[in-house]
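Structure first, commentary second.
The values are calculated or read from the model by the stated rules, or taken from the named source; none is laboratory data. What you see is a predicted model; the values in this text were computed from it and never measured. No Cβ is skipped: glycine too gets one built from the backbone with ideal geometry, and neighbour counts run over all protein chains shown.
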RNA sequence: GCCCUCAUCGUCUAGAGGCCUAGGACGCCACCCUUUCAAGGUGGAGAUCAGGGGUUCGAAUCCCCUUGGGGGCACCA
């Protein structure tokens, strides 16, 4: 464990508009690794301002998923709907509304922002005109320089104003943790942008910055999709009079075909992988190696081992395609490392689920599962595969395709004859130990008597 | 349309000017082990380091261009 370094503070700030996404889990993991490697603080914050799309179920899914992955945080809500823990509470944006309002008032007072009375129709018309002229979309600045009288007149008309942040001309740059120097001309930002809606609710770009500033976040490590938004954030930090944190933009996880990861092409919900029987160790191991590598030839590493080796300098710049084969292989590697009692516990829910939906007729005991381990443990790609592998043991009636019973060198008739003869030969041994040593001699005798090959008969059996 | 950005086997990657006739892993193929299937072991196919120009005695590694990919440009997050 490194000595604690209070100056390092990172965060993961998902919004509960959907279940825990693989990309969010990966970003959370890298922030966690970064923090733990240097003894910094890892913060969990809920960006729940999108009231229309937020649900408690999603909140629970996100928190449960991170708990499952053993990604732990030092500050923030630890349970869905639960209390916030930490010196900068609350850690849910819905409970921080007054702070955003205060920050907006401050910017307004300094004329770093101004009220904008443009209607959605006006803005839409501007956008269309720009599109027709093959111009990049941007705010035209209609309300940027309204006189006090003009503003008062609009207010008198009953128009509600959104708050727009003034984008200053010039170049904004920063030294990114993974992609080095990036510089963007603010002329390409799309003009002054809205930070508070006309109805008074704050927008994302504003809330992240207000919160990151308030919570003294030192390093913002997030997905590459935010690179182009970073200048807006830097401008906001400056306007708020707060030191700008260090930024690091992680490459995105892509669909197998190289396009942006989508639900349609890739299973994106972490809970779905969990439900399939991916183990926490394997899933995490896979995620850690997507876009990062220890620079050695190691590939099966535990969370703690990855924490030890993690170095953000070794994070890849290009996006990484999701490769399910590799995930399954790693998962199998970890399943083989699980202690028997632990494995029985982990297998149980999958067997119960199979009984629940009728794939099997009864649930085996722990003893039975435990006894099967030597046979199944090293051939399970996922925990759920237990049912495919040996589910036939737990059904009332086994239906088998006769075709698969016929050994290569035999035909159906011979197989039927062989199986029948074997049953008779073994009938005498009913009630004895039924051990291999005891069963093999009579079967070999039978084979010899009929002129068969032992392999064929054994194969059929 | 504009801006940003990336580019090594099919995939994840090693590689920070000579250690590279480019290494490992997944996947694929073969063999060994095994009286099934896996796992494991061994070996193999697989990348003229996207293409083209430079710089250098020497470039996958540095620079430029081209091409291709990704991201962003909301009163979404």
Qualifying position, being on the phi > 0 side of the Ramachandran plot and within 16 Å of RNA strand B (Cβ to nearest atom), among A:81, A:76, A:39: A:76
Looking at the structure I just gave you, is residue A:104 near RNA strand B (Cβ under 8 Å from one of its atoms), modelled with pLDDT of 95 or more and surrounded by 17 or more Cβ atoms within 10 Å (Cβ to Cβ)? no
Six or more apart or on different chains, Cβ under 6 Å: which pairs go from a residue in segment A:37-56 that's within 15 Å of residue A:89 (Cα to Cα) to one that's within 13 Å of RNA strand B (Cβ to nearest atom) and part of a loop (DSSP other than H, G, I, E, B)? Could you list them? A:45/A:13; A:47/A:13; A:47/A:15; A:48/A:16; A:48/A:54
Is there any pair with a first residue in segment A:106-120 that is closer than 17 Å to residue A:155 by Cβ and touching a residue at least 24 places away in the same chain (Cβ under 8 Å) and a second that is in a helix (DSSP H, G or I) and within 12 Å of RNA strand B (Cβ to nearest atom) whose Cβ atoms are under 7 Å apart and which are 6 or more apart or on different chains, and what are they? A:117/A:154
Among the residues of segment A:334-357, is there at least one that is surrounded by fewer than 16 Cβ atoms within 10 Å (Cβ to Cβ), in contact (Cβ under 8 Å) with a residue 12 or more places away in the chain and within 8 Å of RNA strand B (Cβ to nearest atom)? yes
From A:330, A:290, residue being in contact with a strand residue (DSSP E or B) (Cβ under 9 Å, 6 or more places away or on another chain) and near RNA strand B (Cβ under 8 Å from one of its atoms): A:290
Going through segment A:25-35 one residue at a time, which ones are touching a strand residue (DSSP E or B) at 6+ places or on another chain (Cβ under 7 Å) and surrounded by 22 or more Cβ atoms within 10 Å (Cβ to Cβ)? A:26, A:28, A:30, A:31, A:32, A:34, A:35
With the requirement that a residue be more than 34 Å from the chain's Cα centre (by Cα) and surrounded by 12 or more Cβ atoms within 10 Å (Cβ to Cβ), what does segment A:169-187 give you? A:187
From the set of residues in segment A:323-349 that are touching a helix residue (DSSP H, G or I) at 6+ places or on another chain (Cβ under 6 Å) and in a helix (DSSP H, G or I), which is farthest from residue A:261 (Cα to Cα)? A:340
Which of the residues belonging to segment A:143-153 are in contact with a strand residue (DSSP E or B) (Cβ under 8 Å, 6 or more places away or on another chain) and either surrounded by 15 or more Cβ atoms within 10 Å (Cβ to Cβ) or over 13 Å from residue A:193 (Cβ atoms) (or both)? A:143, A:146, A:151
Please state which one of A:363, A:390 is in contact with a helix residue (DSSP H, G or I) (Cβ under 8 Å, 6 or more places away or on another chain) and part of a helix (DSSP H, G or I). A:390
Can you confirm whether residue A:392 is in contact (Cβ under 8 Å) with a residue 60 or more places away in the chain and closer than 30 Å to residue A:275 by Cβ? no
Would you mention how many residues in segment A:159-180 are near RNA strand B (Cβ under 7 Å from one of its atoms) and either within 25 Å of residue A:250 (Cα to Cα) or part of a helix (DSSP H, G or I) (or both)? 2
Take segment A:206-227 and flag every residue that is in contact with a strand residue (DSSP E or B) (Cβ under 7 Å, 6 or more places away or on another chain) and within 9 Å of RNA strand B (Cβ to nearest atom). A:206, A:223, A:224, A:226, A:227
